[in-house]
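This report refers to the structure that appears directly beneath it.
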Amino acid sequence: MSRMKSSNTFALAGSVLVLALSGCRPDGAKKTLPGNELFAACVSCHGTDGYGQEKIAAPAIAGLPAWYVEAQLVKFRSGIRGAHPDDLEGLRMRPMSRQMQDDGEIKAVSAYVESMPAKKQAATVTGGDAAAGAAAYGVCLACHGPDGKGNPALKAPPIAGQYDWYLISQLHKFKAGIRGTNPKDITGGQMRPMSMTLADDQAIKNVVAHISTLAK
């Protein structure tokens, strides 16, 4: 009986040794992929440089803070953002966000996006009055700051250097209730009333024209 017990002990020890040498974990958990590999799922829309592309309404994401990228991926995955039937770009992002298998991969790809060199995008929208927009930007100062660099404590992302067409699109979405109406979207819910201080399309163009003048 003791000889059989000893044999079983050696067999178990051998199995553990094989697992250790092979790099496998006994619980079968997979290894988290590095951020640069995970970013391959983002390239078709945001590009290898993370600068996005207007033709499919994909914003520039290179250099965005990891905390913001992570928060948005969580929102897309859970349906807090991108679930509205009129949010075509958001609906496209939801399945993309789910390619990240767990929190570890979300953090890894978010950190990689933050490490990518940011680039101030050139203004493309015409008809905005930056001087008039500077006054309207007053309601944005508390969260996004005078330089548009955002505020991590308030979960407000940087907006300086982002495409003007993307900023206009998001302001329209907030005003229309396409974004920011989910009860769990705290920061989006804060943005919605701010967007509604902009009376019309011209006011939106004006404030975005001002944002386009801010240094990145």
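The values are calculated or read from the model by the stated rules, or taken from the named source; none is laboratory data. Predicted, not measured: the structure shown is a model, and the values here were computed from it. Note that we place each Cβ from the backbone using ideal geometry, even for glycine, and neighbour counts take in every protein chain shown. Just the protein is used for accessible areas: all its heavy atoms, side chains included, with ligands, DNA and RNA removed. Shrake-Rupley method; radii C 1.70, N 1.55, O 1.52, S 1.80 Å.
On C-alpha positions alone, give me the angle between the axis of helix 2-22 and the longest principal axis of the chain, in degrees, nearest 10. The angle comes out near 30 degrees. Note on the chain: with a GNM built from Cα contacts shorter than 10 Å, the maximum mean-square fluctuation among Gly148, Gly104, Gly127 falls on Gly127.
Leaving ligands and nucleic acids out of the surface, order Ile106, Ile61 by accessible area at 1.4 Å, largest first. Mind showing how you got there, number by number?
Details: Ile106 5, Ile61 25 Å².
The residues order as Ile61, Ile106, largest area first.
On a 26 Å Cα-Cα criterion, which of the cross-link pairs Lys155/Lys205; Lys119/Lys155; Lys120/Lys155; Lys155/Lys184; Lys55/Lys120; Lys31/Lys149 come out too long? Mind showing how you got there, number by number?
Working: Lys155/Lys205 24 Å; Lys119/Lys155 21 Å; Lys120/Lys155 21 Å; Lys155/Lys184 14 Å; Lys55/Lys120 18 Å; Lys31/Lys149 35 Å.
Exceeds cut-off: Lys31/Lys149.
What percentage of the solvent-accessible surface of the chain, computed with a 1.4 Å probe over protein heavy atoms, is contributed by carbon and sulfur atoms?
Numbers: 7350 of 12030 Å².
C and S fraction of accessible area: 61 percent.
In region 109-192, if the dipole is taken from +1 on Lys/Arg beta carbons and -1 on Asp/Glu beta carbons about the Cα centre, which of Ala176, Pro117, Ala135 is farthest to the positive end? The one lying farthest along the dipole's positive direction is Ala176.
Relative to the dominant Cα principal axis of the chain, helix 201-211 is inclined by about 70°. Estimated at the nearest 10 Å², the accessible area of Ser44 is 80 Å² with a 1.4 Å probe. Think of each Lys and Arg Cβ as +1 and each Asp and Glu Cβ as -1; about the Cα centre, that makes the dipole of the chain roughly 760 debye.
Rounded to the nearest 500, the helix-only mean residue ellipticity at 222 nm of the chain stands at -15000 deg cm²/dmol, with each DSSP H run of n ≥ 4 adding -39,500 (n - 2.57).
By how many nm would the segment from Trp67 to Thr48 grow when fully extended, if each residue of separation counts as 0.36 nm and the alpha-carbon distance is taken off?
Details: separation 19, 0.36 × 19 = 6.84 nm, distance 2.07 nm.
So the extension gain works out to 4.8 nm.
Residues whose amide H comes within less than 5 Å of that of Ala156, counting only those at least five positions distant or on another chain, are Asn151 (H built at 1.01 Å from N in the peptide plane).
Counting only protein heavy atoms and a 1.4 Å probe, the chain has 56 square angstrom of accessible area per residue. The angle between the Cα long axis of helix 103-115 and the main principal axis of the chain comes to about 50°, on a 0 to 90 degree scale.
Only the Cβ atoms of Lys and Arg (+1) and of Asp and Glu (-1) were treated as charged; on that basis the dipole of region 25-99 about its Cα centre amounts to roughly 340 debye.
Among Ala136, Ala153, Ala83, the residue with the largest mean-square fluctuation in a Gaussian network model of the chain, with springs joining Cα atoms closer than 10 Å, is Ala153.
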